[in-house]
Each structure stands twice: as C-alpha cells, then as structure tokens.
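A.B. asks: Let me begin by handing over the structure; questions about it come next.
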Amino acid sequence: MDGTGRESGAAEAAGFEDLSDSEFPDFSELGDIEELGNQPGSSLGDPRKQVNSQGPYKRKREADAPTPMERFYLRCLWVSDLSTQSWCEQQMVYGKELPGFQSAEKAAVLGAGASIHLARELELHDLVNIHTSTKEDAWAVKLLNILSMVPILQSGGTIREFPVFGEIEGVFLVGVIDELHYTSKGELELAELKTRKRPMMPLEAQKEKDRFQVSLYKCIFDAMVKGQVTSASLVHHMKLSPELLLGSQVQKHAHQGGFTVKSFGDLLELAILSLTLSDLPVIDALKIEYSHQETDAVLGTEMVVFEENRVREKLRHHLGYWTGLREPQGVDVKEAWKCRMCDYATICEWRKSGGRRASTLEQPAQKMSR
Ligand code: SF4
C-alpha cells in the first residue's frame with residue numbers, strides 16, 4: 001500500500017480531530033525577549049515539586065462533579081494537549097473552553113507549521129482521501145496506516161506521521177510521531193520537526209515542552225511494540241464496536257493494501273498482531289530538529305535524554321487535573337513572562353488572583369508578579 005490515508009467525517013467523533021498532532025504553535029517565540037529579561041531570585045522552585053496531585057493545591061471537589069475529561073467529553077488525551085499543558089495548564093484549559101480566542105498571529109504560525117509537515121509527509125508517500133462515517137472507520141484508517149508502515153520500518157526504511165496510542169498511567173493517550181528512522185549505528189531514532197517563525201533556537205521553557213512531548217511518544221511507541229497495548233484497551237477506552245462492519249471505502253483501501261477484513265475487530269486484531277510480532281525495537285534515540293519556517297533552514301537539533309521516572313512523574317501530575325484531583329494551575333512566578341504574550345491574559349483568573357484561586361485551593365501560592 002503506497003497511500004497512508006487520511007480520514008474525514010467521523011474523525012472528530014473518534015477523537016482524531018487534531019490531525020496535525022505532530023506540530024504545535026510555537027507560542028514561545030513571541031516571548032523569547034521577555035524570558036531573557038526575567039528577574040532572577042523570583043523563583044518558587046520547581047513547580048512540579050510544589051504542586052502535585054497530593055500536594056497543597058489538592059482540589060476540594062464534589063464527589064459527583066464531572067472531571068475535566070468528562071466535562072470536555074474526552075475518551076483519550078492527545079500528546080499535543082499534554083505538551084501544551086506543560087507550557088501553561090491554565091492556557092491549555094482556556095484553549096479548550098474558548099477555542100475562538102486564539103490570536104490570528106498564533107493561528108498563522110500553526111498553519112505554516114502544518115503545511116511544512118504535510119510537505120515532508122508527501123516526500124515519502126501519497127495521501128489518499130478515504131470517506132469515513134463512523135468512529136470505527138476513523139480508527140481503521142489509523143490502523144491501516146500502521147499496517148502499511150510497520151514493514152517499511154522492519155526493512156530499515158523511514159516512516160513519517162506514525163500514529164501511536166495506548167493506556168499510560170491509566171489514561172488512554174494518542175499522538176502522531178513525525179518521523180522514525182535508523183541511524184548509521186542502527187539505532188531506531190525518533191525525529192520531531194519544530195518550525196519557528198523567527199530564525200533562532202527556542203529558549204529553555206519551549207525546549208522542555210518539546211522534550212516532554214517526544215518522551216511521551218517514546219513511552220507509547222515502546223508499549224505498542226512490547227505488546228502492552230491491547231485491542232481490549234482501545235475498544236474499552238474509545239468505546240468502539242469491534243463487530244461493526246467497515247465502510248466500503250475503508251474496506252476497499254484495506255483490500256488494496258492486501259488485507260481482507262470486513263469488521264473493525266478483524267482489522268484491529270491484525271494491526272495489534274502486526275505490531276507485537278514485528279520484532280521492532282523500542283526507540284533508542286530522541287531528536288528534535290528546529291527549522292525556520294520561511295527559509296526551511298535548520299536552526300539546530302537537540303538530542304533528548306529519556307528519563308522515564310521523570311516523564312511519568314510529570315505525566316501523573318498533568319493527569320491529576322484531567323482526572324479531577326486538582327484545579328488547573330497557571331504559570332509559576334518565575335515563568336510569569338509567558339503571560340505577557342498569552343491570548344487569555346486579560347481574562348485569566350490565575351493571573352488576576354496573583355497565582356492562586358482562594359475559593360478552590362486549600363493553600364495559597366506565592367503571589368505572582370505582574
Ligand atoms: Fe497561563 Fe499566564 Fe496565560 Fe494565565 S495569563 S493562561 S497563567 S500564561
């Protein structure tokens with residue numbers, strides 16, 4: 001199969017509405033100067049150490065109040081949302097609650113980034129439009145993409161836009177890996193492309209967000225090839241019906257790829273078997289490449305050291321918000337510079353309250369500088 005497919009129609013219902021998960025708006029660019037000008041000595045320390053799900057900001061939540069996952073009708077979380085959350089959790093929440101609030105400038109940065117990703121994807125394969133009318137169809141397209149890419153990777157080739165999914169720390173995560181290839185040493189390397197509006201490398205806060213993103217991809221991909229991601233888990237979390245017959249276009253596309261499947265469950269078992277029997281290695285190296293949007297010039301690359309305990313600790317902290325253990329938090333005082341370029345600065349409750357919500361948090365945080 002030479003096409004990778006791209007779903008339409010029921011994509012939103014399946015939780016795959018963000019088809020460009022592999023690219024995010026690089027909001028930090030607008031604030032590089034501000035971060036450099038941040039005053040030393042105002043740090044509250046590592047915010048993750050101060051505010052964890054068991055810590056001082058633990059939420060006094062009504063037992064029957066819906067969790068954010070329930071409130072936003074989410075069955076899974078996108079790696080992109082978790083990555084955005086690590087920039088500013090409150091900003092990510094506003095982005096979900098007030099989607100029309102994003103400035104035109106940031107939307108343009110995102111649009112340009114997505115175009116560059118699409119061009120890179122087209123370098124390796126054609127895109128095929130497949131009509132989907134159910135969430136099972138939408139997931140089937142992802143599974144067909146996996147089935148078409150696994151053999152390429154097995155034979156030492158390069159693949160782009162590889163879908164990943166799986167339950168990590170009790171929550172079902174989904175994402176799309178930009179690129180997987182083998183290095184000259186034979187290591188399986190994940191390469192993430194980040195495009196930047198300005199021709200300069202990002203500062204530390206942006207790099208940290210990107211490191212978290214690729215580390216999560218590794219957690220999910222490794223679980224998939226180790227056989228830790230099961231069909232039952234996907235069906236359970238996404239509330240899918242394995243017995244449902246696939247749409248005619250999906251069946252036709254599967255047939256062209258050499259797969260004779262009728263129901264979603266048949267295809268799912270095939271994809272899971274393909275992954276677990278593939279003998280694909282876990283990801284050995286994580287690389288992030290920063291390039292200039294306008295000229296496509298490479299600005300620099302970062303090799304990320306994977307620290308599983310740290311990544312999982314951070315993930316658990318983020319999930320504390322989604323599972324209703326605590327209220328959303330804005331930026332720490334040492335990162336108040338982010339507020340100056342934030343679309344939600346004029347309405348942000350966290351900022352207005354100086355970094356705390358007296359009515360919902362058990363202990364006040366240190367007042368945030370303006
Ligand atoms: Fe986060 Fe600051 Fe924006 Fe509030 S104003 S959402 S704390 S970046």
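Values in this text are rule-based calculations from the coordinates and carry no lab data. Quick caveat: nothing in here was measured; it's all calculated off a predicted structure. For neighbour counting, all protein chains shown are included, and Cβ atoms are generated from backbone atoms with ideal geometry for every residue, glycine included.
A.B. asks: Taking amide H positions as placed in the peptide plane 1.01 Å from N, state which residues far from ILE168 in sequence (5 or more) or on other chains have amide H under 5 Å from it.
C.D. replies: HN-HN under 5 Å from ILE168: LEU173.
A.B. asks: So for the pair GLU294, GLU187, with labels modelled 7 Å out along Cα→Cβ, what separation do we get in nm?
C.D. replies: The answer from the label model is 3.5 nm.
A.B. asks: If you don't mind, another one. Enumerate the calculated ³J(HN,Hα) couplings along the stretch 306-315 in order (Karplus 6.51 cos²θ - 1.76 cosθ + 1.60, θ = phi - 60°), each rounded to whole Hz, writing x wherever the residue is Gly or Pro.
C.D. replies: Couplings: 7, 10, 4, 4, 5, 5, 5, 4, 5, 4 Hz.
A.B. asks: I would also like to ask the following. Cβ neighbours within 10 Å, averaged per peptide: list 326-332, 185-191, 139-145 in order, most packed at the top.
C.D. replies: 139-145, 326-332, 185-191
A.B. asks: Turning to a different aspect of this structure: Net charge within 14 Å of THR260 by Cβ-Cβ distance, Lys/Arg positive one each and Asp/Glu negative one each, not counting THR260 itself?
C.D. replies: Local net charge: 0.
A.B. asks: Just to check I understand the Karplus step: with θ = phi - 60° and J = 6.51 cos²θ - 1.76 cosθ + 1.60, what whole-Hz values come out for the stretch 145-160, glycine and proline as x?
C.D. replies: For the stretch 145-160, the Karplus curve yields 4, 4, 4, 7, 8, 4, x, 5, 5, 4, 8, x, x, 9, 10, 10 Hz.
A.B. asks: Determine, for each peptide in 129-135, 224-230, the mean count of other beta carbons within 10 angstrom over its residues, then list the peptides with the highest first.
C.D. replies: 129-135, 224-230
A.B. asks: Something else about it: Between the stretch 266-284 and the stretch 298-359, what is the separation of their alpha carbon centroids in Å?
C.D. replies: That distance is 34 Å.
A.B. asks: For SER263, list long-range residues whose amide hydrogen, built 1.01 Å from N in the peptide plane, is under 5 Å from its own amide hydrogen.
C.D. replies: Hits under the 5 Å cutoff: LEU246.
A.B. asks: Going by amide H atoms built from the backbone, whose H comes under 5 Å of the H on ILE283, apart from near neighbours?
C.D. replies: Answer set, sorted by chain and number: ASP222.
A.B. asks: Follow-up. Is the stretch 281-356 best put as rounded, prolate or oblate by its Cα gyration tensor, with a ≥ b ≥ c the root eigenvalues, rounded for a/c under 1.5, and otherwise prolate when a/b is larger than b/c, oblate when not?
C.D. replies: Oblate.
A.B. asks: So if R0 is 56 Å, what FRET efficiency would THR346 and HIS255 give, r being the distance between their Cβ atoms, rounded to the nearest 0.05?
C.D. replies: Between THR346 and HIS255 the formula returns 0.55.
A.B. asks: Let me ask something else about it. Using 7 Å Cα-to-Cβ label points, what is the MET201/THR230 separation (nm, one decimal)?
C.D. replies: 4.5
A.B. asks: Cβ under 15 Å from GLU97's Cβ, GLU97 left aside: what net charge do those residues give with Lys, Arg +1 and Asp, Glu -1?
C.D. replies: Every neighbour counted, the sum reads -4.
A.B. asks: In nm, to one decimal, how far is the SER155 label point from the LEU245 one, both placed 7 Å along Cα→Cβ?
C.D. replies: Here the answer is 3.4 nm between the modelled labels.
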